[in-house]
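Heads up, the thing below is written out as structure tokens.
The values are calculated or read from the model by the stated rules, or taken from the named source; none is laboratory data. For clarity, every value in this text was computed on a predicted model and none was experimentally measured. Virtual Cβ from ideal backbone geometry, glycine too; neighbours counted across all protein chains shown.
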Amino acid sequence: MRFLIKVSIPVEAGNKAIRDGTLGATIGRILSELKPEAAYFTTDGGKRTGFIVADIKDPHQMVSVAEPWFLAFNAGVEYYPAMAPEDLQKAGPDMERAAKTYS
């Protein structure tokens, strides 16, 4: 299943990684292991934040996705199930059924 994964790196941990020159290489290594569909980085709530789209086929994989971020950066990790447009199209009959039942 496709997830949008939000990774928030605390300012102090990010600053330390920048100062010791490991931020980019560590993020690169984590992403190369994860092989995401997409990854974008910005700020959110005053923290360095990544929004990563990745396929997680089994719930136990959530550990292998989050632990590198926890261990390397003391980061917060949040998961959001996500649909691509084709997934939303497949859900059309379910939406119609719900509309008929609950409207």
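Structural remarks
- Selection from segment 52-66 of residues that are assigned to a loop (DSSP other than H, G, I, E, B) and closer than 10 Å to Phe3 by Cβ: Ile56
- Selection of segment 67-88 for residues being assigned to a helix (DSSP H, G or I), surrounded by 10 or more Cβ atoms within 10 Å (Cβ to Cβ) and either without any contact (Cβ under 8 Å) to a residue 60 or more places away in the chain or touching an Asp or Glu at 6+ places or on another chain (Cβ under 9 Å) (or both) yields Glu67, Pro68, Phe70, Leu71, Ala72, Leu88.
- Residue that is farthest from Thr49 (Cα to Cα), among those in segment 11-21 that are touching a residue at least 24 places away in the same chain (Cβ under 8 Å) and either among the hydrophobic types (A, V, I, L, M, F, W, C) or out of contact with any helix residue (DSSP H, G or I) (no Cβ under 7 Å at 6 or more places or on another chain) (or both): Ala17
- Within segment 9-31, tally of residues that are polar (S, T, N, Q) and closer than 14 Å to Ala66 by Cα: 1
- Annotation: of all residues in segment 9-29 being of a type in the set (A, V, I, L, M, F, W, C) and within 13 Å of Ala75 (Cα to Cα), the one that is surrounded by the fewest Cβ atoms within 10 Å (Cβ to Cβ) is Val11.
- All of Tyr102, Tyr79 fail the test of being hydroxyl-bearing (Ser, Thr, Tyr) and in contact with a strand residue (DSSP E or B) (Cβ under 8 Å, 6 or more places away or on another chain), apart from Tyr79.
- Residue check: Ile52 meets all listed conditions (1) modelled with pLDDT under 95; (2) under 10 Å from the mean Cα position of the chain (by Cα) but one, namely (1).
- Residue match in segment 40-53 (condition: surrounded by 11 or more Cβ atoms within 10 Å (Cβ to Cβ), under 20 Å from Ala13 (Cβ atoms) and in contact (Cβ under 8 Å) with a residue 60 or more places away in the chain): no
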